[in-house]
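Peer 1: Below you'll find the structure I mean.
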Amino acid sequence: MILWREDHMANLPFTLRQLEVFSSLCATKSFRISAENLGISQASVSNQLKTLEEQLGVALLDRKPGRRPLITPTGAAFLQDLQRFEAATTALAAHRRANPVKTGSTRFQLLIGQGLAENFIRPKLGGFLTRHPEVELVFDLHLPRKELDAALARAKYDFALVHQIEPAPVADFLRPVALVRGGIYGHRRLAGGRALPLTADEVAALPFALPRISGTYERDELKALGRHGIRPAQIVGRPPYFDVFVSMLESGVAVGMFTEAMIPLAMREAIVLLYPTETWQLLWFRKDDSCGYYGDIVENFLLESVVGDPRYGSARIA
């Protein structure tokens, strides 16, 4: 079960993952040890706690460089309530059958956008496979738009998670799960000191990089730029890989159409939004017969890894 689908959970100022991180920090008093225990990065632990505090509007832990985090009075009260909550969930879980039937396949074919895989799923994959060594996940690269729809319609993949510009029609077998800001991104020095956002003519004069997937995909992206009156005067590259694309943006060699979530956190000071375009949708696919115990585990992992990550910065769709 994916908890953010439920209206009552979506309205709560925390996620179960954030509660898990806070509980671990209270127990270990160490961001490093908590990260190791949870199978995530220290940065993710810090971001989860920061987001939880922002959503609650209170400080739960007192953090200072070189010192262990100390729980605040408000944090201590929150921890007491959390312990009662954990006790209640344990009591509810006790209603489960002693030996639940673990049905379904343990091998799944996944179609994931390169940026989503590199930024959000791959860093958490080791922890997931450690917890579920019986599960095998086979990743495939993002296909061109028309081939993607055809592959999913044939049920070639068990799960898919990809981005698509919002105005584009969504196939019946795809479900929008989040919205994220999109636009023309590039190194801030390419703005040349001009106020942001730039005009369409100013952006069109910059060197562009386009994703090297197919001629159809390139035409679709140029058509999307054209809706904003942007016709690139110079295309300097068609990188085949996501990390190469991002590197071109970071070095100032080119600009390109991106979603905000795909900009690595460490690069967000250098890579900025030069011109806003359409919102992008995060689309989810699950094959009808990819059900059972392990299918639910994989679905929860994939969606929580992306939409549940504070760095993704999306608006969830109920």
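The values are calculated or read from the model by the stated rules, or taken from the named source; none is laboratory data. None of these values were measured; they are calculated from a predicted model. Methodologically, a virtual Cβ is constructed for each residue, glycine included, from the backbone with ideal geometry; neighbour enumeration extends over all protein chains shown.
Peer 1: Name the single residue, out of those in the stretch 110-133 being over 9 Å from residue 39 (Cβ atoms) and more than 19 Å from the chain's Cα centre (by Cα), that is surrounded by the fewest Cβ atoms within 10 Å (Cβ to Cβ).
Peer 2: Within the stretch 110-133, the match that is surrounded by the fewest Cβ atoms within 10 Å (Cβ to Cβ) is 133.
Peer 1: Just to check your reading of the model, which residue among 240, 197, 211 is under 20 Å from residue 263 (Cβ atoms), out of contact with any strand residue (DSSP E or B) (no Cβ under 9 Å at 6 or more places or on another chain) and either in a strand (DSSP E or B) or not small (Gly, Ala, Ser) (or both)?
Peer 2: 240
Peer 1: Restricting attention to the stretch 234-265, which residues are under 20 Å from the mean Cα position of the chain (by Cα) and among the β-branched types (Val, Ile, Thr)?
Peer 2: Passing the criteria: 244, 246, 259, 263.
Peer 1: Is it the case that residue 29 is more than 28 Å from residue 122 (Cβ to Cβ) and surrounded by fewer than 17 Cβ atoms within 10 Å (Cβ to Cβ)?
Peer 2: Details: more than 28 Å from residue 122 (Cβ to Cβ): yes; surrounded by fewer than 17 Cβ atoms within 10 Å (Cβ to Cβ): yes.
Yes: the conditions hold for residue 29.
The rows are residues; the columns are (1) of a type in the set (Ser, Thr, Tyr); (2) farther than 30 Å from residue 136 by Cα.
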residue: 220; (1), (2): no, yes
residue: 223; (1), (2): no, yes
residue: 231; (1), (2): no, yes
residue: 235; (1), (2): no, yes
residue: 251; (1), (2): yes, yes
residue: 262; (1), (2): no, no
residue: 284; (1), (2): no, no
residue: 298; (1), (2): no, no
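Peer 1: Pick out, from the stretch 247-301, the strands (runs of 3 or more DSSP E) lying fully within it that include 2 or more residues that are in contact (Cβ under 8 Å) with a residue 40 or more places away in the chain, outside the structural domain of residue 16 (by TED's automatic domain parsing) and over 17 Å from residue 182 (Cβ atoms).
Peer 2: Details: elements: 256-259, 271-276, 280-286.
The strands (runs of 3 or more DSSP E) meeting that bar are 280-286.
Peer 1: In this structure, is residue 59 of a type outside the set (S, T, N, Q) and more than 21 Å from residue 30 (Cα to Cα)?
Peer 2: Details: of a type outside the set (S, T, N, Q): yes; more than 21 Å from residue 30 (Cα to Cα): no.
No.
Residue by residue, here is whether (1) in the same structural domain as residue 251 (by TED's automatic domain parsing); (2) crowded, with 20+ Cβ neighbours inside 10 Å holds:
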residue	(1), (2)
156	no, no
165	no, no
170	no, no
191	yes, no
205	yes, no
209	yes, yes
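Peer 1: Can you find even one residue in the stretch 46-66 that is surrounded by fewer than 13 Cβ atoms within 10 Å (Cβ to Cβ) and in a helix (DSSP H, G or I)?
Peer 2: The answer is yes; a qualifying residue exists.
Peer 1: Further question on the same structure: Output the qualifying pairs, or none if there are none: Cβ atoms under 8 angstrom, residues six or more apart or on different chains, first residue in the stretch 111-128 and under 15 Å from residue 42 (Cα atoms), second residue at pLDDT 90 or above and assigned to a helix (DSSP H, G or I).
Peer 2: Sorted first by the residue in the stretch 111-128, then by its partner, the pairs are 120/305; 120/306; 124/301; 124/305.
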